[in-house]
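All remarks here apply to the structure that follows.
Read-outs throughout are calculated quantities, based only on the coordinates presented, and are distinct from any laboratory measurement. Everything numeric here is computed off the predicted structure, so don't read it as measured data. Because the Cβ atoms are built from the backbone with ideal geometry, glycine has one as well, and the counts that use them run over all protein chains shown.
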Amino acid sequence: MSLPNGSKKRPRPRESTGSEKAGADSSPRSANHHKIKILCRVRPFLPQEQADDCIVTADRTIKIVNQRNPDEVFMYHFDACYAATANQCDIFQRNVRPLVDEAYQGLDATIFCYGVTGAGKTHTIQGDNSNPGLIPRTIEYLFANRKMRNKLKYVVSFTYFEIYKEAVFDLLVPRETQNSSGLPIREDANHNIFVPNLTEQSISSYAEFQKYFATACKNRSTASTKLNVASSRSHAVLTVQIHWDDPLKNTTLRGRVHLIDLAGSEDNRRTENGKDRMAESGAINKSLFVLGQVVEALNSGAHRIPYRDSKMTRILQSSLGGRSLGMMIVNVAPGQKFFVDTYNTLNFATKSKQIVNKTQVHE
């Protein structure tokens, strides 16, 4: 069983997870029904780590082997699997760019990274100046595409917030200027989930975005732990909004791309967290546990889906069984010491790929 809250459960030996039966099929059931796409990305070994790899990837398949018990072999199939040698550009061009293109059709698209702490989520979604991740590449692509589609009138803006210990904070303004209880989460008459009073920053170029984004990243809650010197202590959600006039349809369309960096589950025995870090990891693990419950409920056809049990799952409501195109990038670490974490992460991803969203055009 997948335990998204970071609990450890010893895997039982078997040759596969049964994911072969489900396959990697993410084709729509009908024109506007789409399964969540699942990508798996393995991070490289860090300089201080022993190179005892337990993971083999090939195209859409990932195999993990317990080096301490070679009979424990597990095979998984997803929409794409990337070895440690994969680069940021390939992942964006092959997988994320097609989703971003859907925003030009008036659709919502959500891409979020999932995995334990130190698995490479923030590197994938955010990156750095020398190796930009999915967020900067998405913005750069939007403005490059804007030049190619110059017959249309575009307005591009973005919001950026974090969920820290179950409170929502705007990352585009300093924390000290905000209420300590954070911002509320609301639902409008059309059942869209939103955060009122967020700063919506208009941008006219990629360079302008970089300026605002760099400042916002400094406002995010991070701290050093034994497993990660710059561990994200919050879930972060960046939403890019595109408004444009379509002369052929004589209407104004709106598309949105949500890029989400989920904080990683943690075992305090391994991170050696102090009191403050333990409180943060407790909130993170609880929200990830609720995420697991939401996935279980959706797959079982339960009458009640517990979206409201966590701020993070409430925000993800439209992306999990809702009206947004969805992609989950599961990040895993390669070493034997992460074997159980990797096993749990991949099992969670296998369950998540069965979720179906029904998309809707925004006019």
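Computed quantities for the displayed model
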| item | result |
| --- | --- |
| Packing-based order for 238-249, 175-186, using average beta carbon neighbours within 10 Å, highest first | 238-249, 175-186 |
| Sum of side-chain charges, Ile139 neighbourhood, beta-carbon under 12 Å (Lys, Arg +1; Asp, Glu -1) | +1 |
| Nearest-0.05 FRET efficiency for Gln67 and Lys358, computed from C-beta distance (R0 41 Å) | 0.45 |
| For a label point 7 Å along the Cα-to-beta-carbon line of Ala214, residues of segment 116-146 with backbone N under 11 Å | 129 |
| Total formal charge among the other residues, if their Cβ is under 14 angstrom from that of Glu363, Lys/Arg +1 and Asp/Glu -1 | +1 |
| Of Lys165/Lys211; Lys35/Lys218; Lys286/Lys337, those spanning more than 32 Å from alpha-carbon to alpha-carbon | Lys35/Lys218 |
| Packing-based ranking, highest mean first, of 346-354, 112-120 given that Cβ atoms within 10 Å are counted | 112-120, 346-354 |
| Total formal charge among the other residues, if their Cβ is under 15 angstrom from that of Ser202, Lys/Arg +1 and Asp/Glu -1 | +3 |
| Cut-off 20 Å (backbone N to label point 7 Å along Cα→Cβ of Lys153), residues of segment 236-261 | 241-256 |
